[in-house]
Amino acid sequence: MTSSEWDAAIEVLRTATDVTLACHVNPDGDALGSLLGLSRALANRGARTYPTWGTTPLPDVSNFGFLPGLDTLVQPGEVPVTPVFIALDCGAADRLGDIEPLARKAEVLVNIDHHPGNEGFGTINVVHPDASSTAELVMRLLRDAGLEIDQVMATLLYTGIVTDTGRFSYVNTSPNTLRLAADLLETGVSAPDLARELFESAPFGYLKLVGRVLDRAELAADERFVHSWITQQDLKDTDVALAETDRLVDLIRGTAAVDVAALFKEQMDGRWRVSLRSKTRGIADFARARGGGGHELAAGFTARDRDSTVEELKAALRNPSA
């Protein structure tokens, strides 16, 4: 990222009148918080905004049902071609899913992201891998653009920061991250209320699902690697939505016996979505080589065969340079 690109992005935020904003498919707290927070900021100054992401139709995001602004989301098929398109939290253009063609048709495509290895697919690229989250970048941009951050926006951006830093416990938490979070709390955001909604409001069936995941966890002691899995039948039996399973991989990582954890989640089409977490070893290259992405210590990708992928992961951990 250059200073000229930062300045160009600020000018877009100050002047754009019709803007499509999209985060990556299967959005997490950072993606949704950044999307809705920036959309509200632009709408508050009079722009027409179309916040969305590239899954048709938009799936249920009841695990984030407390977030303000969900009622402003627009179905991908109802989004017009706009002069400005802002992609949020997307390491690659294909992470936009079904809405990528609209991004390519925009006169200006602003790519705001913090993932290492970002493809730089925008006409303006605000990519800062040292940032804790995309929400942190959005907050900085809004400040530099002179746009007010009200309590609603602060709630959304704080959600992005607190989820992507693992409640300020991951290596991406810097002193500046904590200062920005404190500034958001100054607007009246209730950290305890948000923590309760984000981390303590799972349905009762989630406890049953946790039991299954922990019970079937398999440890490869020599590789300091653990993995487990969730099937579509598990989700049906426990009445838990796939979107509510994002934090389960952190549970199986929570032992001194492992450095790397993988959770395999069966998708509707039978493929396996793999969530990876690491304490020390870089895993982003492994995920990117398989069509995924993420950060050095938190990444993911989609695999076709669970058992083969487990063996690939174990081999990669034995020989990281392979």
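All of the numbers you see were taken from the coordinates with simple rules; none came from a lab. The shown structure was predicted, so the numbers you read here are calculated from the model rather than taken from an experiment. We place every Cβ from the backbone using ideal geometry, glycine too, and count neighbours over all the protein chains shown.
What is the distance in Å between the Cα centres of the stretch 68-116 and the stretch 211-246?
With the stretch 68-116 and the stretch 211-246 each reduced to a Cα centre, they are spaced 32 Å.
Multiply the residue gap between E218 and N319 by 0.36 nm, knock off their C-alpha separation, and tell me the result in nm, one decimal place.
On the way: separation 101, 0.36 × 101 = 36.36 nm, distance 2.00 nm.
Extending this stretch completely gives an extra 34.4 nm.
Straight distance only, please: which lysines reach the Cα of K208 with their own Cα at less than 24 Å, same-chain residues fewer than 8 apart left out?
K236, K265
State the Kirkwood hydrodynamic radius of the stretch 172-267 in Å, one decimal place, computed from all pairs of distinct Cα atoms.
Values: mean 1/r = 0.0645 Å⁻¹.
Value: 15.5 Å, from the Cα pair sum.
What net charge is computed for the residues neighbouring L209, neighbours being all others with C-beta under 10 Å from the C-beta of L209, Lys and Arg scored +1, Asp and Glu -1?
Details: positive: K208, R212; negative: D234, D237, D239, E244.
Net charge around L209: -2.
Say a paramagnetic label sat at a point 7 Å from the Cα of T123, along Cα to Cβ; which residues of the stretch 1-41 have their backbone N under 16 Å from it?
5-21
Kindly give Rg over Rh for the chain, based on alpha-carbon atoms, with the Kirkwood expression for the hydrodynamic radius. Working shown, then result.
Details: Rg = 19.3 Å, Rh = 20.1 Å.
Rounded to two decimals, Rg/Rh equals 0.96.
Where does each of 32-42, 126-136 land if you order them by average Cβ count within 10 Å, highest first? Write down the numbers at each step before the final one.
Details: 32-42: 28.5, 126-136: 23.8.
Per-residue Cβ counts within 10 Å, averaged per peptide and sorted highest first, yield 32-42, 126-136.
Based on C-alpha coordinates, I'd like the Rg and Dmax of the stretch 144-186, in Å.
Gyration radius and largest Cα-Cα distance of the stretch 144-186: 10.7, 30 Å.
Using DSSP to call loops (not H, G, I, E or B), can you name the GluC sites (Glu not before Pro) in the stretch 179-216 whose Cβ has at most 15 other Cβ atoms within 10 angstrom? Present the calculation step by step, with values, prior to reporting the outcome.
Details: sites: E186, E197, E200; in loops: E186, E200.
Passing sites in the stretch 179-216 are E186, E200.
For the stretch 178-231, which trypsin sites (Lys or Arg not before Pro) are both in a DSSP coil and crowded by at most 15 other Cβ atoms within 10 Å?
Working: sites: R179, R196, K208, R212, R216, R224; in loops: R216, R224.
Of the trypsin sites (Lys or Arg not before Pro), the ones in loops of the stretch 178-231 whose Cβ has at most 15 other Cβ atoms within 10 Å are R216.
Would you kindly work out the equivalent ellipsoid of the stretch 259-317 from its C-alpha gyration tensor and give its semi-axes, the square roots of five times the eigenvalues, largest first in whole Å? The partial results should precede the final answer.
Numbers: eigenvalues 64, 28, 19 Å².
Sorted largest first and rounded, they come to 18, 12, 10 Å.
Quick one: what are the phi-derived ³J(HN,Hα) couplings along the stretch 95-101, Karplus 6.51/-1.76/1.60 with θ = phi - 60°, whole Hz, x for glycine and proline?
6, 6, x, 5, 9, 4, x
Counting residues in the stretch 1-139 as N, plug N into 2.2 N^0.38 Å and put the Cα Rg over that result.
Details: Rg = 13.4 Å, N = 139, 2.2 N^0.38 = 14.3 Å.
Cα-based Rg divided by the globular estimate yields 0.93.
Can you list the trypsin sites (Lys or Arg not before Pro) in the stretch 263-318 that are in a DSSP coil and have 11 or fewer other beta carbons within 10 angstrom?
Details: sites: K265, R271, R273, R277, K279, R281, R288, R290, R304, R306, K314, R318; in loops: R271, K279, R281, R290, R304.
When the trypsin sites (Lys or Arg not before Pro) of the stretch 263-318 are filtered for loop state and at most 11 Cβ neighbours within 10 Å, R304 remain.
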